[in-house]
There are 2 protein chains.
Amino acid sequence: MSKQAFLIDIDGVLYVGDSPVPGAADAISDLKKKGYNIRFLSNTTRKSRKTIVARLTGMGFDIGPGEIFTPAVAAISFIKKAGISGVHLLTTGDVDKEFAEAGIYSCSDGVDAVIVGDAGDNFSYERMNGAFRFLLEGAGLIALEKDRYWMAGDGMMLSAGPFVSALEYATGKTAAIMGKPSKTFFELALDSMGVGASDTAMVGDDIMTDIGGSISCGIDGILVRTGKFRPETLQAAEVKPTAVIRSVAHLETIL
Amino acid sequence: MSKQAFLIDIDGVLYVGDSPVPGAADAISDLKKKGYNIRFLSNTTRKSRKTIVARLTGMGFDIGPGEIFTPAVAAISFIKKAGISGVHLLTTGDVDKEFAEAGIYSCSDGVDAVIVGDAGDNFSYERMNGAFRFLLEGAGLIALEKDRYWMAGDGMMLSAGPFVSALEYATGKTAAIMGKPSKTFFELALDSMGVGASDTAMVGDDIMTDIGGSISCGIDGILVRTGKFRPETLQAAEVKPTAVIRSVAHLETIL
């Protein structure tokens, strides 16, 4: 496999739970020394790149904010390309800092786009109704992700998807989805490196969103046997990875 | 037209805004004296029948709670037929009193069905997530209505539909819809009178939900030129009413 660039999923590939994958930090350093372009992907819509980097640094990874690619980063690129200036954010966590650093602040006047992330408790009736009214007045709908739910310590939690779906139902509009497995996400990640799909491989632990998503964009998909990898899921999947490796630490063996 | 029973929409047919339709109260009294079975229909999911009756009485109508049919009344009938005992209510207003009078109280243990109405500010993330978890544990989803929005004094407000849609998206379940224009609603209203579709006519001001809904159940649909009636909407509609009358006060002219 001859590639110039990699898209590497973070959660389940660089670390699992609170533990870095053995050898991953060294493998990443080696790839960077050899001049490969890399974007580290996360579908989180609650954290800024700085927060993600702080966690990775604490685990021994030498990765900078400019190498992280999230739905918020994709959204910033998307709205700049579309010439959108007024956005209203329905999000939580410090993802608003990501937008602020790009000069984008949540507003309630002249709203061209409503951006919905996993907003948790901010998904109040009042906030949802406010977003709905902006959409009625002509704003576009941008979803940082459209996941159904996620597993918290005490049980399942609704993610952004159901609330995006609610706003779609109310308005008849279809959200532009920024996160994995949308094509927009992979394409904007390639754009940010200035490389083409055929020169790039995706490394991920999720056969559907990582491997299926990248392959549908013409990007080779390398599945790792860490994180959420399960042999039975691989066997049952219609999607076939370009390669399967033990962990990201073994990526060099197929280059 | 020879009928034994009528389904008569309340809002826009008996009154418009805060004013009773001229002659409506007398026309209703006459129909009742002549022995017609009548159910007065409202799609409200925020009010009990007693509250609706109080308003109608204040406008001069002689109508009792037992003659009112709402999505909550339909839901009570629906869950009793289905043998469902444990329900969780995601509603607002005094509609919970309607359920309480039928011996149904919102619970958080042993939930067989989640019932969602237009819950307004109760559509918090916490309440939505609670409903989601009951559904994951096997509860069915019952929607009192699936309207998109309604017009309040200060602008458009999200109705139950978007939040029902959110829970459907999150769980992959399809809600059983109780309100107009669902077949369930019309059929349970007929059941409550013990009459058949062909013996009944619906009187309404909405060409789609009232007339389209009833005709699709085999119930003749009589459109009134009051409330939300607009000549251009009638002309553009694919649904053709069985008859069009000036107002409910003129119903007798076609019997």
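Each residue of the stretch A:98-111 was assigned a 3J(HN,Hα) from its phi angle through the Karplus expression (A = 6.51, B = -1.76, C = 1.60, θ = phi - 60°), giving 4, 5, 4, 5, 9, x, 10, 10, 5, 10, 10, 10, x, 7 Hz with x at Gly and Pro.
Taking a point 7 Å from the Cα of A:Ala152 along the Cα-to-Cβ direction, the residues of the stretch B:108-143 with backbone N closer than 17 Å to it are B:123-137. Kirkwood's formula applied to the C-alpha pairs of the protein assembly as shown gives a hydrodynamic radius of 25.8 angstrom. Any chance you could tell me what percent of the C-alpha pair distances in the stretch A:83-177 go past 21 Å? So the portion of pairs separated by more than 21 Å is 27 percent. Between the stretch B:80-111 and the stretch B:35-78, how many Å separate their Cα centres? About 18 Å separates the Cα centre of the stretch B:80-111 from the one of the stretch B:35-78.
Taking other Cβ atoms within 10 Å as a rough exposure proxy, B:Arg133, A:Arg225, A:Arg127 sort from fewest to most as A:Arg225, A:Arg127, B:Arg133.
Label-to-label distances for B:Gly23 across copies, nearest first, come out at 9.0 nm, using points 7 Å from Cα in the beta-carbon direction. Taking amide H positions as modeled 1.01 Å from N, with prolines and chain starts lacking one, the residues under 5 Å from B:Glu145 and 5 or more places away or on another chain are B:Met178, B:Gly179.
When both bridge partners sit in the protein assembly as shown, DSSP labels roughly 15% of those beta bridges antiparallel.
With both bridge residues required to lie in the stretch B:85-177, what share of the DSSP beta bridges run antiparallel, to the nearest 5%? Write down the numbers at each step before the final one.
On the way: 4 of 15 bridges.
Counting DSSP beta bridges with both partners in the stretch B:85-177, the antiparallel share is about 25 percent.
Helical runs assigned H by DSSP (4 residues or longer) give chain B a calculated mean residue ellipticity at 222 nm of -9000 deg cm²/dmol, each run adding -39500 (n - 2.57) before division by the residue total.
Could you grab the relative contact order for chain A? Cα pairs under 8 Å, six or more apart, rounded to a whole percent. Relative contact order of chain A: 22 percent. Give the cross-link partners of B:Lys3 among the lysines, using a straight C-alpha distance below 24 Å as the criterion and excluding same-chain residues fewer than 8 apart. In chain and number order, the partners are B:Lys32, B:Lys33, B:Lys34, B:Lys180, B:Lys183, B:Lys240.
Using a/c under 1.5 as the rounded threshold, could you call the stretch A:1-95 rounded, prolate or oblate? The axes a ≥ b ≥ c are square roots of the C-alpha gyration tensor eigenvalues, and prolate needs a/b larger than b/c, oblate otherwise.
Oblate, since a/c reaches 1.5 and b/c is not below a/b.
Label points for B:Lys228 are taken 7 Å from Cα along Cα→Cβ. From this copy to the others they lie 4.1 nm apart, shortest first. Ordering A:Ser159, A:Ser2 by the number of other Cβ atoms within 10 Å of each residue's own Cβ, fewest first, gives A:Ser2, A:Ser159. Size check on chain B: the Cα extents along the three principal axes, sorted descending, read 54, 36, 34 Å.
Where does each of A:Ser192, B:Ser198 land when they are ranked from fewest to most other beta-carbon atoms within 10 angstrom? Display every interim value, and only then the final one.
Numbers: A:Ser192 16, B:Ser198 11.
Fewest to most other Cβ atoms nearby, the residues stand as B:Ser198, A:Ser192.
Read the figures in this text as sums done on the coordinates, not as results from a lab. Predicted, not measured: the structure shown is a model, and the values here were computed from it. Positions of Cβ are generated from backbone atoms using ideal geometry, with glycine treated the same way; all protein chains shown enter the neighbour counts.
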